[in-house]
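Quick notes on the structure that follows.
A short reminder: the numbers here are calculations on the coordinates, not readings from a lab. For clarity, every value in this text was computed on a predicted model and none was experimentally measured. Note that each Cβ is placed from the backbone with ideal geometry, even for glycine, and that neighbours are counted across all protein chains shown.
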Amino acid sequence: MIRVLAADNATPLPESIREELLTSLPAAMHPAIQRYKRWQDRQAALLGKWLVRQALLAEHHPGHTLQSWRLGPFGKPSVAEDIFFNISHTDGLVLCAVTRVGEIGIDCERIRPLDLHDFERLFPRDAWEEIEAATDPFLAFFDAWTRREALLKADGRGLSFPLEHLRITGNRGTVGENGNHWSILPVAVPIGLCCHVALASPKRGSSLLPPTFFEDQDPPITLEPLWKSAI
């Protein structure tokens, strides 16, 4: 099972709410949250860690599990060996994906005009041709981009690993020539956004997931809004 928790970040939180959320987190986390100059960035950092706390509670982990917060060699956070999570921030929205199945990554982006040619070198030729041929190239680009970034975040190396070395076919992906296999699934987000999660693929027949989990026609994962005003 995958849960995706969401918090609205379009407007500043009331001071009393902000303090309540901050004090629910370990004091050691406060400096990393408060170091940002823009309120949007401070609030995104706060909401991201608060969503992790809520996800832990939903999975029957005590809130103080956050005391075990640690970063991997490429900066991916973790708190316990039996639960996996990842955070994504985009304009006006903070998301946290959580599961007990295995490593997970999430990426969400607002669909917007870009100079797409700046990104051409980051994609295999066949993938780029699909973007160029799409009816809506910007939608196609962000669909492809969020799949790839979610995959790299799940892998743990993030954008330190060259995007052009990813291989994605349908809802499956690998990182590098002999990399692990990952499942990539869409998340149902508000119009104007694009979001995917990538999850470590267990062996077929595993009891961790129903067999239909890997079928292309699975419905998208839905959000669980915890702090909602505009989502």
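By its C-alpha gyration tensor, with a ≥ b ≥ c as the square roots of the eigenvalues, how is the stretch 15-117 shaped: rounded for a/c under 1.5, else prolate for a/b larger than b/c, else oblate? Oblate is the answer for the stretch 15-117, as a/c is 1.5 or above yet b/c matches or exceeds a/b. Is the C-alpha gyration tensor of the stretch 1-63 telling us rounded, prolate or oblate? Criteria: a/c under 1.5 is rounded; beyond that, a/b larger than b/c is prolate, otherwise oblate. Prolate, because a/c is 1.5 or more and a/b exceeds b/c.
For the stretch 1-149, averaging the sequence separation of C-alpha pairs within contact (under 8 Å, six or more residues apart) and dividing by the residue count gives a relative contact order of 23 percent.
Ordering Thr65, Thr99 from the fewest to the most neighbouring beta carbons within 10 Å gives Thr65, Thr99. Here is the size of the stretch 36-193 from its Cα atoms: Rg then Dmax, 16.5, 50 Å. Ordering Glu103, Glu120 by the number of other Cβ atoms within 10 Å of each residue's own Cβ, fewest first, gives Glu120, Glu103.
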